[in-house]
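The values are calculated or read from the model by the stated rules, or taken from the named source; none is laboratory data. Everything numeric here is computed off the predicted structure, so don't read it as measured data. Because the Cβ atoms are built from the backbone with ideal geometry, glycine has one as well, and the counts that use them run over all protein chains shown.
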Amino acid sequence: MRKKYGIDTVFTNLQQMAESDTFDAVYIASPNALHKEQAMLMMGHQKHVLCEKPFASHRKEVEEMIAAAKKKHQVCLMEAMKTTFLPNFLQIKQHLDQLGPIRQVVAHYCKYSSRYDAYRSGELPNAFKPELSNGSLMDIGVYLVYPVIYLFGLPNQITARGYKLSSGVDGNGSVLLQYDGHQALFFILKFQRLIYRLKFKARMPPW
């Protein structure tokens, strides 16, 4: 690959990579459970970080990452979630109030994992290892949760249910977010053909 793309510098050790002065920023796309550790290492050596979604395994890790970026190292830390920057999504945000009061948001993301056949045959790919913070909600459910939180803020109540595969990760599930006056319902599935849909239901004028 180095020869194919004419890459001058290659690292096989993360510590040596972090200490190098040959680059200013890094993109982290490793398994979810490694995001925080690797981001902290890079930021500790004044590297800006673009980190794949989900940002980390849980809230505490995210808070530590943000605090390190802001207060300790003063570097840029960003989650690689482009949905809320897309022109079509910005149009939704700009014109959402024209629908009238939102009563319900329903979203589906069902995708047949490219690694599911290997899992069914007895292998254990990284995508199905709970110790790597994987599963349907972490891997694809974030695409549903993220835009709704962006549009409506934090909910008053969260109800979530899931079905765990034999490896311990959730293979499918549902999430219900309760707001004042409306609710958001998500369905997530990792072993069905692709469906990605986001619907808004509103009470149309006159109301």
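Key figures
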{"quantity": "Members of region 124-160 found to be crowded, with 18+ Cβ neighbours inside 10 Å, of a type in the set (S, T, N, Q) and part of a helix (DSSP H, G or I), listed by number", "calculated": "S136"}
{"quantity": "Selected residue (criterion: surrounded by the fewest Cβ atoms within 10 Å (Cβ to Cβ)) from residues of region 9-67 that are among the β-branched types (V, I, T) and under 24 Å from K129 (Cβ atoms)", "calculated": "T12"}
{"quantity": "Condition check for A107: touching a helix residue (DSSP H, G or I) at 6+ places or on another chain (Cβ under 6 Å) and surrounded by 18 or more Cβ atoms within 10 Å (Cβ to Cβ)", "calculated": "yes"}
{"quantity": "Tally, over region 68-123, of residues that are assigned to a helix (DSSP H, G or I), of a type in the set (D, E, K, R) and assigned by TED's automatic domain parsing to the domain that holds L177", "calculated": "4"}
{"quantity": "Sole exception among (1) at pLDDT 90 or above; (2) out of contact with any Gly (no Cβ under 7 Å at 6 or more places or on another chain); (3) surrounded by fewer than 18 Cβ atoms within 10 Å (Cβ to Cβ); (4) over 21 Å from V62 (Cα atoms) for Y163, by number", "calculated": "(2)"}
